[in-house]
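The values are calculated or read from the model by the stated rules, or taken from the named source; none is laboratory data. What you see is a predicted model; the values in this text were computed from it and never measured. Because the Cβ atoms are built from the backbone with ideal geometry, glycine has one as well, and the counts that use them run over all protein chains shown.
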Amino acid sequence: MFEFDQYLGFLAFLTILTIGFWLMIFLLTFAIPYWVGGAVMEMIKYRGKKIEYKP
């Protein structure tokens, strides 16, 4: 069966895999739509406004 160090390695692998999975779910459901929505709102807000450089 498993030795104790193999068991710890397997637990570390499962922990890293689980953290990566939930991070991916979080980014796909909250962070990316928030970022895209903010970018769209900025585009709408500044549409038609031209910023001119005045030295």
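At a glance:
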item: Gly48 at pLDDT 90 or above and out of contact with any Lys or Arg (no Cβ under 9 Å at 6 or more places or on another chain); result: no
item: Test: residue in segment 1-15 that is modelled with pLDDT under 90, not in a loop (DSSP other than H, G, I, E, B) and not polar (S, T, N, Q); result: yes
